[in-house]
């Protein structure tokens, strides 16, 4: 037996190798390898970064990974949320510039990493430092006429700025910016703190604690000034068949002034315009109106207000009955019979237009262009000689048209 085994060892070995090769070929044919780029960018994870160091400057956020794997593995990879990790290990690295390499880890096997773009890049580490800066306040603009801003307060008065040493060293000031332009009310809100360098350029990439401060600025009206609501006084009615759709005034509130504060304080809080004439109006109105004020009181700024009035026709419906159906496009030597010969139509539109609409302004047409003799069911169309009228319904909406050769009368008949 041993002698036989020795004698046939090479044949057995070749048979084993051949069977393995056949098995590999069969598996590969059933589940062939594909080489392709993973469809989503893989975000770079930083590990091992020292607690007293921060990354400064630009570095890649993600990498493009090309893999070679069986199709079944690709199916599993593409069905997972994050099957691939791209890791950069900063363990043991101190301050300075360091070349680093991206290490790719794939959750599914078998899969071979063909390429990673980028594979290498440089990381700059700097010591993490912190400094306390007082918070300044910049006020832009002025309150509305007749208003005055009081003394502002900030809470807290300082913020802690943390980040890379080179960036923190650039900070010259921390400020909060408030726009007072046209304000009539006090300001009490939390606002973001902005950091600036010595050239008054905004700085980014630093953390602040806190990142906002509470700003309180009282705003009060000065003596002799008062805000009052503008009330438009309409006079008359719009034209018959029309309605008033909207009425607006700008500004809706005006500031009035008097050297005698008791005069403005005695106002009811509303000031009326001169009458707005609406008699017979059939279109929109845009005009300026002056205000009716007691003696000794004047308007601050523009002495009139802009008034816009919307005037629209009332929408209505109207039915026209027994409108004759007209035939167009009938070929030579043919005649057409329509059933029914007359239809009803329902129209909608502005009431004044419908009231003035005549039956001769309406044409119901059926087009038989290029139709041979026969029986057809056709949909008529409606032509109206007045604009802004809409056809809602044709009753019936289909008519039967019978086309026959025209009868030629014989001589003597």
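If you take just the strands (runs of 3 or more DSSP E) that sit entirely in the range 231-333, which of them hold at least 3 residues that are under 42 Å from the mean Cα position of the chain (by Cα) and surrounded by 15 or more Cβ atoms within 10 Å (Cβ to Cβ)?
Values: elements: 242-250, 253-257, 270-277, 285-292, 304-313, 315-328.
Because the criterion is at least 3 residues that are under 42 Å from the mean Cα position of the chain (by Cα) and surrounded by 15 or more Cβ atoms within 10 Å (Cβ to Cβ), the strands (runs of 3 or more DSSP E) in the range 231-333 that meet it are 242-250, 253-257, 270-277, 285-292, 304-313.
Would you confirm, using the coordinates I've provided, whether residue 126 is modelled with pLDDT under 90, under 30 Å from residue 207 (Cα atoms) and surrounded by 16 or more Cβ atoms within 10 Å (Cβ to Cβ)? Walk me through how you get there before you give the answer.
On the way: modelled with pLDDT under 90: yes; under 30 Å from residue 207 (Cα atoms): yes; surrounded by 16 or more Cβ atoms within 10 Å (Cβ to Cβ): yes.
It is true that residue 126 is modelled with pLDDT under 90, under 30 Å from residue 207 (Cα atoms) and surrounded by 16 or more Cβ atoms within 10 Å (Cβ to Cβ).
Scanning the range 129-157 for residues that are crowded, with 16+ Cβ neighbours inside 10 Å and over 38 Å from the mean Cα position of the chain (by Cα) yields a count of 3. Evaluate the following for residue 382: is it surrounded by 16 or more Cβ atoms within 10 Å (Cβ to Cβ), without any contact (Cβ under 8 Å) to a residue 40 or more places away in the chain and under 30 Å from residue 240 (Cα atoms)? Yes, satisfied.
Applying the selection to the range 341-359, what residues are over 49 Å from the mean Cα position of the chain (by Cα) and either surrounded by 13 or more Cβ atoms within 10 Å (Cβ to Cβ) or outside any loop (DSSP other than H, G, I, E, B) (or both)? Answer for the range 341-359, where residues must be over 49 Å from the mean Cα position of the chain (by Cα) and either surrounded by 13 or more Cβ atoms within 10 Å (Cβ to Cβ) or outside any loop (DSSP other than H, G, I, E, B) (or both): just 342.
Among the residues making up the range 360-369, a single one is part of a helix (DSSP H, G or I) and surrounded by fewer than 13 Cβ atoms within 10 Å (Cβ to Cβ): 360.
The values are calculated or read from the model by the stated rules, or taken from the named source; none is laboratory data. Since this is a predicted model, take the numbers as computed values, not measurements. Positions of Cβ are backbone-derived with ideal geometry, glycine not excepted, and every protein chain shown enters the neighbour counts.
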